[in-house]
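Where a number appears in this text, it was derived from the coordinates with a stated rule and is not lab data. The structure presented is a predicted model; accordingly, all values stated were derived computationally and were not measured. Using ideal geometry, Cβ is built from the backbone for each residue, glycine included, and neighbour counts are taken over all protein chains shown.
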Amino acid sequence: MMIRVRFHGRGGQGAKTASRILGTAAFNEGLNVQDSPVYGAERRGAPVAAFTRISDGEVLERGYVFDPDVVMVMDSTLLDNPTARPLDGIRRRGVLFVNSQTGSSFHGIQTARPDIRVATFDLTGEALSLVGKAVISSATAAAAARIIGLVTDGSLEKAIRSELEELGLNDELIEKNVTLGRKVFASLEPVELSTDEYFVRSGLVPFELIMGERTGTEEITSAGNSNAVKTGSWRIFKPIIDYNKCTACMVCFAYCPESALTLRGDYKPVIDEDNCKGCLICYRECPPKAITLEKEVREF
Amino acid sequence: MLQGMPSQGYYTRKGGEGVLSGSTLMTGNLAAAWGARLAGVDYVPAYPITPQTEIIETIAKWVRLGQMKGKLVQMDSEHSMLTAAGSASLSGARVFTATSSQGLLYGLEMLYNISGWRAPILLVNVSRGLAAPITLEPDHNDVLAARDSGFLQFHAETCQEVLDLILLGYRVAEDRSVLLPAIVNLDGFYLSFTREKVELPKMDTVSTFLPEYDPPAPLRATKPVSHGATVLSGNLYSYFRYRMHAASLEASEVFRKASAEYGGLFGREYEATEGYMLQDAEYVIVMSNSFTTIGKQVVAKLRERGVAAGLLKLRMLRPFPFDDVAKSLAGRRAVAVFDQNLSPGFGGILYPEILASLYHKKNRPQFVLPVVGGLGGKQLTVQELERVFESLRNGPPTFPDRPDPMYLMREDEFDRAKRNIAIASGGG
Ligand code: SF4
Ligand code: SF4
């Protein structure tokens with residue numbers, strides 16, 4: 001028996017911690033565990049993934065989980081994110097869990113993948129009412145633990161405590177997270193996970209094909225191609241310019257690290273929403289405070 | 001050693017000493033830090049680089065909290081870091097340091113000095129592909145660039161091995177008949193950031209296995225000695241180089257004995273190589289480091305289908321375990337050598353070492369297939385390894401032609417790479 005859980009979240013949302021809590025909980029049950037995050041050079045708000053593999057035998061796998069039994073989506077805006085691709089490779093009869101405040105049952109996904117089971121729960125709402133913050137690492141871990149059904153609530157609680165303690169959280173916050181985990185655990189049902197292996201049918205590239213191409217980095221010649229990565233999807237807050245207050249001082253334009261601000265004819269800034277990554281430097285630097293914020297990602 | 005230190009317990013950010021049941025989940029980086037802590041190192045010159053930084057961060061925290069007694073100093077580069085490491089070792093300190101990729105190459109010049117000084121430091125390298133192009137994920141061109149430096153090399157497949165090989169590494173490196181520095185290699189991400197079960201040995205038992213370093217001629221202000229003297233002649237140079245080679249060869253036997261003792265104390269014994277389903281295997285793949293785990297998965301699957309597949313893992317790369325390799329591979333029908341590195345214009349770096357081990361064996365395999373894959377941490381997939389075994393079973397094209405090397409990449413991965421390149425080139 002081997003169960004592979006893949007967590008999709010945004011940087012700062014606790015995907016790695018969730019994968020660790022689940023891992024530690026399963027480890028507390030005496031199972032073999034391997035957990036790991038993937039991240040590159042991104043930052044808060046960027047899509048990240050983490051994995052927990054649980055087995056009663058040896059774990060003879062490593063790295064990215066391409067064929068998960070269970071996928072935990074911590075932020076429903078990631079469902080159609082081209083970088084995250086959370087639906088990829090889910091095994092037949094596997095489970096897709098979506099944290100959502102919208103009450104949607106995700107019919108579209110169910111129609112496209114009738115062979116998987118879709119579950120949803122408002123983890124963020126529970127976290128807001130029980131912890132007072134939209135932090136959902138323990139809630140997500142609790143949901144995953146309940147779905148896979150191999151972990152008791154006792155082991156889960158112990159795991160939440162030890163993992164959050166390691167992160168330096170204070171006792172009060174840890175207890176609130178334990179309460180949250182318990183609530184989520186009790187609200188969901190285990191799912192029978194007898195999934196089928198997911199095959200990638202792809203041949204190997206003959207080396208002649210690579211030989212026949214110019215494949216050095218000299219091929220990448222166009223400057224400014226980072227525009228193609230829509231870092232706008234990383235935003236948690238969107239800066240909004242109040243053109244009545246804006247004095248056209250151009251401070252924001254000078255500071256924006258993404259060059260996501262351009263100037264209009266009157267030297268007032270326009271934000272490129274596809275690429276503004278929401279770092280909020282413009283908001284902090286604007287002398288007359290002409291920039292306000294609007295929250296974008298509901299689940300965060 | 002660190003008298004009065006708790007024999008067990010791990011650091012939590014709250015500052016407390018948690019209680020350990022002996023086995024716990026930890027990353028490869030944390031296991032490496034624990035290796036240094038349990039070895040009771042005196043001095044840790046440090047310089048950060050992804051994906052190694054967690055190791056020195058962890059040690060820095062332990063030192064700050066008084067949980068580890070050694071001294072940690074952040075240097076201004078890997079070159080100074082290694083210079084400090086080697087010189088401190090000559091004064092009799094047990095020295096630990098860690099780096100990765102470009103950092104290892106930046107300090108490369110000093111590696112040859114440290115081995116020439118016969119200073120038995122332990123250096124952890126967290127593998128990461130070399131720039132350019134820049135990446136964060138692993139292959140072994142970095143650590144293999146240090147292959148000829150005189151450092152002993154141990155390569156870890158699991159987080160447990162990271163810890164155990166550090167303790168064994170010190171023991172072998174500091175042995176009077178060896179006195180050479182050692183590298184313990186672990187893969188970035190696949191081990192460095194991956195948690196799995198690690199048995200943490202008890203500090204007092206480690207102290208029995210690894211007593212305080214006793215240098216033959218430590219640098220002392222009151223008793224000046226000279227190390228790494230200028231020779232200016234080929235005669236003397238050759239003499240010292242041969243001595244170093246002899247000491248490295250000697251390390252094989254020292255490792256074997258130390259490992260047997262380690263096994264007795266901690267229940268885990270290591271050989272220079274490890275066989276997996278090797279008995280009666282006709283088709284064998286040779287691998288090293290963390291992707292070996294994926295190799296084992298494929299071998300186990302093939303066995304279920306009745307294919308006589310097996311795997312040989314290289315754990316110690318320097319000294320090279322010629323005899324173990326020859327014994328394990330002679331008599332097989334076909335062997336594949338998986339190199340997670342590339343010497344452009346040649347191919348995989350370990351392939352010729354395997355051939356050299358086999359050439360004079362009467363019953364050497366007729367077909368030894370060179371395979372390159374997993375560069376820059378490209379995920380090694382089951383499909384790729386299945387194709388490797390398929391090639392082994394189909395045999396060489398037309399003997400005695402040289403077998404065509406396999407360079408692993410799946411069509412879908414290639415297409416995705418081409419698509420990204422098109423976008424980045426302003427096409428897409
Ligand atoms: S938040 Fe402001 S400074 Fe930051 S990327 Fe967006 S426009 Fe630029
Ligand atoms: S910094 Fe503020 S006032 Fe100045 S141009 Fe930007 S938005 Fe307008």
For the pair B:V231 and B:K71, the simple spin-label estimate (label points 7 Å beyond Cα toward Cβ) gives in nm 3.2 nm
Lysines whose Cα lies under 18 Å from that of A:K183, excluding same-chain neighbours fewer than 8 positions away: A:K133, A:K158
Compute the distance from the alpha-carbon center of segment A:248-298 to that of segment B:25-56, in whole Å. 41 Å
Taking other Cβ within 10 Å of each residue's Cβ, how do A:F27, B:F240 sort, fewest first? B:F240, A:F27
Mind sorting B:E413, A:E197 by how few other Cβ atoms lie within 10 Å of their own Cβ, fewest first? A:E197, B:E413
Would you be so kind as to identify which of B:V299, B:Q383, B:L358 lies farthest towards the positive end of the dipole of segment B:273-415, taking Lys and Arg as +1 and Asp and Glu as -1 on Cβ and the Cα centre as origin? B:L358
In whole angstrom, how far apart do the alpha carbon centroids of segment B:124-147 and segment A:106-141 sit? 39 Å
Going by amide H atoms built from the backbone, whose H comes under 5 Å of the H on B:L152, apart from near neighbours? B:A182, B:I183
Return the single residue from B:E274, B:E390, B:E78 with maximal mean-square fluctuation; model: Gaussian network over chain B, springs between Cα atoms under 10 Å. B:E390
For B:K71, the residues 5 or more places away or on another chain with a placed amide H closer than 5 Å to its own amide H are B:Y43, B:V44
With springs only between Cα atoms under 10 Å, which of B:G40, B:G234, B:G28 fluctuates most in a Gaussian network model of chain B? B:G234
Using Cα-Cα distances under 8 Å and only pairs 6 or more residues apart, what relative contact order does chain B have, in percent? 14 percent
Going by amide H atoms built from the backbone, whose H comes under 5 Å of the H on B:S290, apart from near neighbours? B:D187
Answer with one residue from A:T24, A:A119, A:T179: the one whose Cα lies farthest towards the positive end of the charge dipole of segment A:2-187, charges on Cβ with Lys, Arg +1 and Asp, Glu -1. A:A119
Contour minus end-to-end for A:S226 and A:R43, with contour as 0.36 nm per residue of separation and end-to-end as the Cα-Cα distance? 64.4 nm
Placing unit charges on C-beta atoms (Lys and Arg positive, Asp and Glu negative, everything else neutral), compute the dipole magnitude of segment A:231-295 about its Cα centre in debye, rounded to 20. 200 debye
How much net charge surrounds B:C159 when only other residues with a Cβ under 9 Å from its Cβ are counted (Lys, Arg +1; Asp, Glu -1)? 0
Dipole magnitude of segment A:2-187 about its Cα centre (Cβ charges: Lys, Arg +1; Asp, Glu -1), debye to nearest 20: 420 debye
Qualifying aspartates and glutamates (Cα of each under 13 Å from Cα of B:K69; at least 8 residues distant if same chain): B:D42
Taking Lys and Arg as +1 and Asp and Glu as -1, residues besides B:D324 with C-beta under 11 Å from its C-beta add up to +1
Under 18 Å from a point 7 Å along the Cα-to-Cβ line of B:F322: which residues of segment B:352-376 have their amide N that close? B:352-365
Modelling each spin label as a point 7 Å along the Cα-to-Cβ direction, I'd like the A:L280/B:A246 distance in nm, to one decimal. 6.8 nm
Out of the DSSP beta bridges found with both residues in segment B:273-415, what percent are antiparallel (nearest 5)? 20 percent
Using Cα pairs closer than 8 Å and at least 6 residues apart in sequence, work out the relative contact order for segment B:273-415, in percent. 25 percent
Can you list, largest first and rounded to whole Å, the semi-axes you get for segment B:64-116 by taking the square root of 5 times each eigenvalue of its Cα gyration tensor? 21, 15, 8
In what order do A:I109, A:I160 fall by count of nearby beta-carbon atoms within 10 Å, going from fewest to most? A:I109, A:I160
Which percent, nearest 5, of DSSP beta bridges in chain B are antiparallel? 30 percent
Cys with no candidate disulfide partner in chain A (beta-carbon separation under 4.7 Å rule): A:C246, A:C249, A:C256, A:C276, A:C279, A:C286
Nothing charged except the Cβ atoms of Lys and Arg (+1) and of Asp and Glu (-1): what's the magnitude of the dipole of chain B about its Cα centre? Round to the nearest 20 debye. 340 debye
Given a Förster radius of 25 Å and the C-beta distance between A:F66 and B:A417 as r, what FRET efficiency does 1/(1 + (r/R0)^6) yield to the nearest 0.05? 0.90
Run the quick spin-label model on B:L108 and A:R264: label points 7 Å from Cα toward the beta carbon, then report their separation in nm to one decimal. 5.6 nm
The rounded separation in angstrom of the Cα centers of segment B:271-290 and segment A:1-30 is 31 Å
Quick calc, A:M1 & B:Q279: beta-carbon distance into FRET formula, R0 30 Å, rounding 0.05, result 0.70
Top of B:R332, B:R318, B:R303 by mean-square fluctuation, Gaussian network on chain B, Cα under 10 Å: B:R303
Chain B: Cα Rg divided by the 2.2 N^0.38 Å rule of thumb: 1.00
For the protein assembly as shown, alpha-carbon Rg over 2.2 N^0.38 Å: 1.01
Considering every residue in A:56-68, what mean count of other chain Cβ atoms within 10 Å of its Cβ is obtained? 5
As a check on your grasp of the helix formula, calculate [θ] at 222 nm for the protein assembly as shown: sum -39500 (n - 2.57) over DSSP H runs of n ≥ 4, divide by the residue count, round to the nearest 500. -10500 deg cm²/dmol
